[in-house]
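Single-structure report; data block below.
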Amino acid sequence: MSKDRIATSPALLALSAAAAALPGYSGPAQAWADESVEAGYRYSHYQEAALPASATNGGPGERYRVDSHQFHWLQPQGEAWDFKTDLMLETMSGASPWYVAPGSGGQAIQVLSGASIQDRRAVLQGRARQHLEQGRRALSLGISKEDDYLAYSGGVEAEWDFNQRRNTLSAGLGYSYDQLKPTDGGSARFPDRIAKADKDSFTAYAGLSQVLTPQTVAQLALSYSYSDGYLSDPYKLAYVDARLLPDNRPQDRNQWALTGRLRHYLRSLQAALHVDARYYTDSWGLASDSLEVAWVQKLPADWRLTPSLRWYQQGHANFYRPYYTVAREDGYYSSDYRLSAYGALSGRIAAEKSWRGFSFAAAVEAYESDGDLALRAVRDESPGLVDFLVVSAAVSYQWSLAPPAPRGTSTLQPEPALPTPVQVIPVTP
Amino acid sequence: MKTKSLLLAGALLLAGCGLQPVQPWQREDLARPEMAWERGLVEEGAIRSHTYQSKEAAIGGPALGGGGCGCN
């Protein structure tokens, strides 16, 4: 197919534009023949709920809060390329779970870090993407920096459309090198805390999407991740037979996830139903399930309202205990609540409004975790399970670049009556 | 659970193979912004994934994540 071929029929133009903007292409900004620059900003405030006094060592139980600022820029270049840059700046503060000790009645008591943690995080990520006749391919690079943490990451991704664009095959390979230099590591105050450590992480995924009906599309994806190196938490301790030992986890981890996603449009209601499900398992003996259902309701005056509900559950890692009454033969100890069995439920509502080239959005999400929210009975539930609230607001602005003049042909403009976005794009002979 | 998930996912895709092929002129609804895999402005999906991954044990999905974090 030659890129110089131009669709001349208005109907064909409209259909081509619709096909090019299929969900498998991950959103309107990614339809090939992009002509819009997009700039955006998002602010998010994350606040963890205080732990109840009965679950802590008598302190106020105040926990973590994070303020995030995200800056986003998408720049198309020519007919086939676009470049995306994302910068995120975060400030984190508050107390974090330190270790769990048995109370007088044997109940697990969460001890929080005494001093308030203050940290900053900056993440810069870039992506160059090329749009091809039958798909897209992209290269991503990123750096993440905290006071005590540095990570470099990179990856390649590709999508291939086939079967007259009823199917899209997607795949990606990623690598991350993470280096830790914990605060006060190896100091006289914390002699058991490591001074420096690192890890390597490899990720691969493959997915297939299928258009099922004119209103339904589904996707199935399998992902695998292998991590090697220091995978423990240098700031956490484990209570082992009346001693406090450093958190110590295996040096490698294999993780698999099977994800299914479904999108269905209800024309009579002008709404879309989103269902996302995932099954996860890893080499630490931990398995989890998650299910999210969202309802994207289009409203008059370019408003959109999206309520959603997410349920999550996980089992515990095979070496996890809130505290240990006897030493383990393998020497692995972790009382991190993130390796405990539990269930979680979160509700979210988001509103979005488009006005000329601007889009405005606001969202609030409440997340609650509890052993009772898991389907399976939870034993040894961590007293440090987290509940949190996230509020966020975002604004973005899109403006069009002049379309490039087709090579060797006259320039054809779509007729005004056609649905937007309509672009002059190549078609298969 | 794993077996059930695999069977369900396989049945879903196989069902697609047995349906009438959707033609290009029938894809107007599929192309609507409400149908995008990732919804939300300014990498909303990325920060939501980051939040869940820093508080839960599970990771993974049909996308590459960014750099790691020393999340507490």
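Values in this text are rule-based calculations from the coordinates and carry no lab data. Because the structure is a prediction, the values reported are computed rather than measured. As a convention, Cβ positions derive from the backbone with ideal geometry for all residues, glycine included, and neighbour counts pool all protein chains shown.
Couplings for the range A:74-89, taken from phi via the Karplus curve 6.51 cos²θ - 1.76 cosθ + 1.60 with θ = phi - 60°, read 10, 10, x, 9, x, 7, 10, 10, 9, 10, 10, 10, 10, 10, 10, 10 Hz in order; Gly and Pro are left as x. Each residue of the range A:360-365 is assigned a 3J(HN,Hα), and the resulting list reads 10, 9, 9, 8, 9, 9 Hz, derived from the Karplus form 6.51 cos²θ - 1.76 cosθ + 1.60 (θ = phi - 60°), x at Gly and Pro. In a fully extended conformation the segment linking residue A:43 and residue A:132 would gain 28.6 nm over its present Cα-Cα distance, using 0.36 nm per residue.
Karplus-derived 3J(HN,Hα) values for the range A:180-193, using 6.51 cos²θ - 1.76 cosθ + 1.60 with θ = phi - 60°, are 10, 9, x, 4, 6, x, x, 7, 5, 6, 10, x, 8, 7 Hz; glycine and proline are entered as x.
The length gained by stretching the chain between residue A:200 and residue A:389 to full extension, at 0.36 nm per residue less their Cα-Cα distance, is 64.9 nm.
The residue A:355 and residue A:104 beta-carbon pair, evaluated with R₀ = 45 Å, returns a calculated FRET efficiency of approximately 0.15. Once backbone amide H atoms are built at 1.01 Å from N, residue A:103 has A:108, A:109 as its partners under 5 Å, excluding neighbours fewer than 5 places away on the same chain. Are there any GluC sites (Glu not before Pro) in the range A:62-149 that are in a DSSP loop and have at most 14 other Cβ atoms within 10 Å? List them by number. Filter output for the range A:62-149: A:133. The Cα center of the range A:107-144 and the Cα center of the range A:225-275 differ in position by 14 Å. Please compare each pair in A:181/A:236; A:84/A:298; A:181/B:55; A:145/A:181; A:145/A:196; A:196/A:236 to a cut-off of 19 Å on the Cα-Cα distance and tell me which ones are over it. Over 19 Å Cα-Cα: A:84/A:298; A:181/B:55. Taking the convex hull of the alpha carbon positions in the range A:212-321 and averaging its projected area over all directions gives 10.2 nm². Multiplying the residue separation of residue A:269 and residue A:364 by 0.36 nm and removing their Cα-Cα distance gives an extension gain of 31.8 nm.
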